[in-house]
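Below is one structure; the comments refer to it alone.
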Amino acid sequence: MSTTLPAISAGLATDVGRVRAHNEDSACTRGTVYVVADGMGGHAAGEVASRIAAETVAELADRPVVQVRDIVAQVGEANRRILASAARHPEQTGMGTTVAGLALVSVGGSRHWAVFNIGDSRVYRCLDGRLSQVTVDHSEVWELVERGLLTPEQAHRHPGRNVVTRSLGRDPMGVVDTWVFPPYPGEAFVICSDGLSNELTREEIEAVLADHPDAHEAAEELVRRGVAAGGRDNVTAIVVAVQGEDSDSDVDEDTTPRENVNGSSGESRS
């Protein structure tokens, strides 16, 4: 597999927000695998589910070669581990989590990005200064948007926007959506829980990336603004930045520190 790629940097930030008592979000950056999970279930169970999901998917970083089917299989493994944990601990019954992320995979012998999600956590891609949403929310409200019954602006304020139609912790869990495309120098990604996307518009996220080219600073500023805008849920963001000039060296994974963040919250999102 070709290893030529510009250096990658990543930053991760999370905050409990202004309303919740605990943080049910979990996130992990490991190697070139980046994942955010937003737990649900209450009584600390959501924190358990999101931590299992994030850590299980991040295990992909230990493999020398990753393909898209490996990501889908690993998300399925996370679902099995969540269900097994709930079976062993009755107090966790009904816990679940979203999961969204980004990973470098092998496609036709060269490196490509693979974006994946199940639930309403999101992945955005910023290319040539323009931010676009890659993932599609698996939520009742977003289905209304796709059917033309709500505008995205109306969905942003809809009281039922947090009701997800797919998540981990279910049997069957539903389909994992994936997107694949080649890396592009200078691009950036934002992976976030809906605690960020419900507080900041696409334009506001785009502006933060423009003002903060450093991935760590961008992640911290996104979360800070998400809390300042209301912080009605836990707020978590990972920013992944591809350096702007091509490099003849291997991926500089030393610039992508291994990080894990998780907490617990008593809120049930579905």
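The values are calculated or read from the model by the stated rules, or taken from the named source; none is laboratory data. Note that this is a predicted model, so its numbers are computed, not measured. Because the Cβ atoms are built from the backbone with ideal geometry, glycine has one as well, and the counts that use them run over all protein chains shown.
Among the residues of the stretch 39-60, is any over 22 Å from Arg232 (Cα atoms), surrounded by fewer than 19 Cβ atoms within 10 Å (Cβ to Cβ) and at pLDDT 95 or above? Yes, there is a match, as at least one residue in the stretch 39-60 is over 22 Å from Arg232 (Cα atoms), surrounded by fewer than 19 Cβ atoms within 10 Å (Cβ to Cβ) and at pLDDT 95 or above. Elements of the type helices (runs of 4 or more DSSP H) sitting completely within the stretch 47-166 and holding at least 3 residues that are in contact with a Ser or Thr (Cβ under 9 Å, 6 or more places away or on another chain) and not charged (D, E, K, R): these cover 68-88. Among the residues here, Glu146 qualifies as farther than 14 Å from Asp120 by Cα and at pLDDT below 85. For the stretch 167-181, the set of residues classified as surrounded by fewer than 23 Cβ atoms within 10 Å (Cβ to Cβ) and assigned to a strand (DSSP E or B) consists of Asp177, Thr178, Trp179, Val180, Phe181, listed by residue number.
When the stretch 53-89 is filtered for residues that are among the β-branched types (Val, Ile, Thr), under 11 Å from Leu168 (Cβ atoms) and touching a residue at least 40 places away in the same chain (Cβ under 8 Å), the ones remaining, listed by number, are Val57, Val75, Ile82.
Return the total of residues in the stretch 182-213 being of a type outside the set (A, V, I, L, M) and either part of a helix (DSSP H, G or I) or under 27 Å from Ser50 (Cα atoms) (or both).
Qualifying residue count for the region: 14.
Condition first: under 20 Å from His156 (Cβ atoms), among the hydroxyl-bearing types (Ser, Thr, Tyr) and buried (at least 20 other Cβ atoms within 10 Å of the Cβ). Can you find one or more residues in the stretch 231-242 that meet it? Within the stretch 231-242 (the criterion being under 20 Å from His156 (Cβ atoms), among the hydroxyl-bearing types (Ser, Thr, Tyr) and buried (at least 20 other Cβ atoms within 10 Å of the Cβ)), the answer is yes, since at least one residue qualifies. Applying the criterion of being surrounded by 16 or more Cβ atoms within 10 Å (Cβ to Cβ) and hydroxyl-bearing (Ser, Thr, Tyr) to the residues of the stretch 182-214, the residue that is modelled with the lowest pLDDT is Ser197.
Candidates in the stretch 90-145 are the residues that are without any contact (Cβ under 8 Å) to a residue 60 or more places away in the chain and among the aliphatic types (A, V, I, L, M); of these, the one that is farthest from Val190 (Cα to Cα) is Leu144.
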